[in-house]
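The values are calculated or read from the model by the stated rules, or taken from the named source; none is laboratory data. All values reported here derive from a predicted model rather than from experimental measurement. All Cβ positions, even for glycine, are placed from backbone atoms using ideal geometry, and neighbour counts span all protein chains on display. Quick note on the areas: whole protein, heavy atoms, side chains included, nothing else; ligands and nucleic acids left out. Shrake-Rupley method; radii C 1.70, N 1.55, O 1.52, S 1.80 Å.
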Amino acid sequence: MTGVIWIVVLVVGLFSVGYVGYGRYLSRFVELDDSRETPAHKYQDGQEYVPAKKPVLLGHHFSSIAGGAPIAGPITAAFIWGWVPAVLWVAIGNPLMGAVHDFMALSSSIRHEGKSIGFIIGEYIGERGKNMFLWFAFLVIVLVVAVFALLVAVILDAYPQAATASLLYIGLAIVFGIWLYQLDLPLIPGTVLFVGGIFASVWVGIQYPIALFEPSGFADEAFILFAGEGAWIPGAELFGANTATWIIVGLVYAALASVLPVWVLLQPRDYLSSFLLYTGVGGTLLAVVVGTLLGTTQGGAGALDIQIPAYTSFMGGPLVGVAMPLFPLLFITIACGTISGFHSLVSSGTTAKQLNTESDARTIGYGGMLAEGLLAATALAAVSVVALTPGGAVQGIDAALPNFAEGGGLILTSFGIPLLIGEVFMALVFVSFLLTSLDTALRLGRYMVEELIGTPETDAQERAANKYVNTSIATLAAFVLVSSGQWEQLWPLFGGANQLLAALALLTATVWLANWKETKQLLTTGVPVVVMVIVTICGLLWIALVENVQRTFLDSAWLAEATALQIVSSGLRLVLALVLILLAVAIIRMGYENLQSARDGLLSTNEASVGSDDD
């Protein structure tokens, strides 16, 4: 059988070439210059504009963009179409499109005073285009919050030990924020102390696993906090009471965390999270090498052979009950890990406001995205060594998600780490980044609403601009979306919207370059724009017309069994898909007109110059 090490070799090799070669070219292309004052220094306010040391900011940025999507997407794709299509899309697409997208979003933002991608596109195509983009991005934010809340709940239900560890991790992050920003204590001793505390929380979680209600699926024994079956919990009939309650807890946590100043939780938590990610990704990849060469993995050398099909079929394998065509759905199922529009919101929403020097943009922008691709490769390696077949105890493609922790724990046994400790650690890695992305997404959504409203002129605008009000609205909308309980429909919708947002962010960068200088070539960003527009619009049309019309509203059997909440959720998904397509097409048209205008003007100037030289 094929060894999982070949996934690692392919991805690491191509990413190394990309960072050394293409990353350096891009740095020169946008003329990074440390003599320029970054927005973090120019507008320092102690709240949003706060210069951060490169490792601290890399930790925040890395944790915010990584989240759980580069784990969930590759897992889902690998079990639907096989591991070969999944790994090829990650290994090739990331350095050529995803890392370019993140780097250009960050670079363009720091040249526009740390403003968002929406603001930048408004500078070139007008207020109407800016507002359309911000509405588009806000809708994507709602989808991000919905799918990540579900992911958090699925993992905490499967691993109650990770629930305990996650609660301790959040508490440690808050105390670390006080350590750094209120007590002004040194970074390195604090890092050693609090990172050690986070790893210790894994042991505490194993000793005292907690569940809100009786867990299901993978979970073993746990301390149950609430008696009864919990049938009264919204969504309990779809997910089970424990998972449904964790969804609500995750959403409430995200809403509360998103309105706090960045120093309280966001910066310290993301910095600490980065060590989990570095250890989880680096440790797992290294364990694959060690286990392969030395045969030290539990179960022997053959334990690191790939147990899932290399390729199932164009319409998907037996783990999904309906047809899911590889084109275009593969390319929107794996979003984060290859290319993700959400990253442009992070890069221009929070990271650009904290960048200390311009040269940091290469490491944080381009390198950060490559690192997320390594997380995707880690996810593929982990799930590849654990077979999941139809007819087993756990059913459905969403049930494959906990296999990341199970497979990761198995790989870590190469170092002699007990299987249970490795599983809980990998589950904590998964959850910590999901929680990070949850409240970061809601915070970014708040920024977008504030940009849309500008200076409030009416009572209604005043209320909408209130951070508590607009955060609550986004949170409630996310809950309605996740209440469908249909992972195969919700995840591709998120992926399609996210990838289309990436196309719009790349379009923004292309427009910026076209208006900056006549010598700037546009292929670096323009080719990915075309590819992603075609893929995502085809994908969203499939989701809207096939999955949310043909298979729901035109299916009498589905209508007869669906709950009112499921019908509302399906209708909301249909409307979202169509609205996102219409908004994107309108923005693309305006962006293309600006590109034509900018280039035509430059061409006319150049032709006049040529004529003068000839005379």
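Please go through the stretch 560-573 and give me each residue that is free of Cβ contacts under 8 Å to residues at least 12 places away in the same chain and open to solvent by 70 Å² or more (accessible area, probe 1.4 Å), ordered by number.
560, 561, 564
Can you pull out every residue in the stretch 479-499 that is closer than 23 Å to residue 74 by Cβ and either hydrophobic (A, V, I, L, M, F, W, C) or surrounded by fewer than 24 Cβ atoms within 10 Å (Cβ to Cβ) (or both)?
Residues satisfying the conditions are 481, 482, 485, 486, 487, 488, 489, 490, 491, 493, 494, 497.
Looking for whichever is in a helix (DSSP H, G or I), farther than 18 Å from residue 99 by Cβ and either of a type in the set (D, E, K, R) or open to solvent by less than 30 Å² (accessible area, probe 1.4 Å) (or both) here; the options are 502, 557, 509, 544. Which one fits?
544
With the structure loaded, tell me whether residue 517 is open to solvent by 10 Å² or more (accessible area, probe 1.4 Å) and either out of contact with any helix residue (DSSP H, G or I) (no Cβ under 9 Å at 6 or more places or on another chain) or more than 29 Å from residue 253 (Cβ to Cβ) (or both) or whether it fails that test.
For residue 517, the condition - open to solvent by 10 Å² or more (accessible area, probe 1.4 Å) and either out of contact with any helix residue (DSSP H, G or I) (no Cβ under 9 Å at 6 or more places or on another chain) or more than 29 Å from residue 253 (Cβ to Cβ) (or both) - is met.
If I filter the stretch 39-49 for residues that are open to solvent by 10 Å² or more (accessible area, probe 1.4 Å), under 19 Å from residue 377 (Cβ atoms) and in contact (Cβ under 8 Å) with a residue 40 or more places away in the chain, do I get at least one hit?
No, that holds for no residue.
Looking at the stretch 192-218, which of its residues are in a helix (DSSP H, G or I), polar (S, T, N, Q) and either open to solvent by 10 Å² or more (accessible area, probe 1.4 Å) or touching an Asp or Glu at 6+ places or on another chain (Cβ under 8 Å) (or both)?
Listed by number, the list holds a single entry, 207.
Only one of these is under 22 Å from the mean Cα position of the chain (by Cα), over 22 Å from residue 115 (Cα atoms) and modelled with pLDDT of 90 or more: 543, 537. Name it.
Within the list 543, 537, the selection yields 537.
Do we find a residue being within 24 Å of residue 490 (Cα to Cα), at pLDDT below 90 and buried (at least 24 other Cβ atoms within 10 Å of the Cβ) anywhere in the stretch 119-133?
Yes, the stretch 119-133 contains at least one residue that is within 24 Å of residue 490 (Cα to Cα), at pLDDT below 90 and buried (at least 24 other Cβ atoms within 10 Å of the Cβ).
Check whether at least one residue in the stretch 80-90 is without any contact (Cβ under 8 Å) to a residue 12 or more places away in the chain, more than 19 Å from residue 274 (Cα to Cα) and open to solvent by 10 Å² or more (accessible area, probe 1.4 Å), and report yes or no.
yes
Report yes if some residue within the stretch 204-211 is touching a Ser or Thr at 6+ places or on another chain (Cβ under 8 Å), closer than 19 Å to residue 429 by Cβ and small (Gly, Ala, Ser); otherwise report no.
yes
Which residue, of 582, 603, is open to solvent by 30 Å² or more (accessible area, probe 1.4 Å) and at pLDDT below 85?
603
Within the stretch 254-278, work out how many residues are under 19 Å from the mean Cα position of the chain (by Cα), open to solvent by 10 Å² or more (accessible area, probe 1.4 Å) and in contact (Cβ under 8 Å) with a residue 24 or more places away in the chain.
Result for the stretch 254-278: 3.
Out of the helices (runs of 4 or more DSSP H) lying entirely within the stretch 1-80, which hold 3 or more residues that are of a type in the set (A, V, I, L, M) and over 21 Å from residue 333 (Cα atoms)?
Here the list reads 5-17, 54-66.
Does the stretch 238-253 include one or more residues that are open to solvent by 30 Å² or more (accessible area, probe 1.4 Å) and at pLDDT below 85?
Yes, the stretch 238-253 has at least one match.
Failed condition for residue 288, given (1) open to solvent by less than 40 Å² (accessible area, probe 1.4 Å); (2) modelled with pLDDT under 90, with all others met?
(2)
Could you list all residues from the stretch 469-524 that are without any contact (Cβ under 8 Å) to a residue 12 or more places away in the chain, farther than 28 Å from residue 561 by Cβ and aliphatic (A, V, I, L, M)?
Once the filter is applied, which keeps residues that are without any contact (Cβ under 8 Å) to a residue 12 or more places away in the chain, farther than 28 Å from residue 561 by Cβ and aliphatic (A, V, I, L, M), the stretch 469-524 yields 469, 473, 523.
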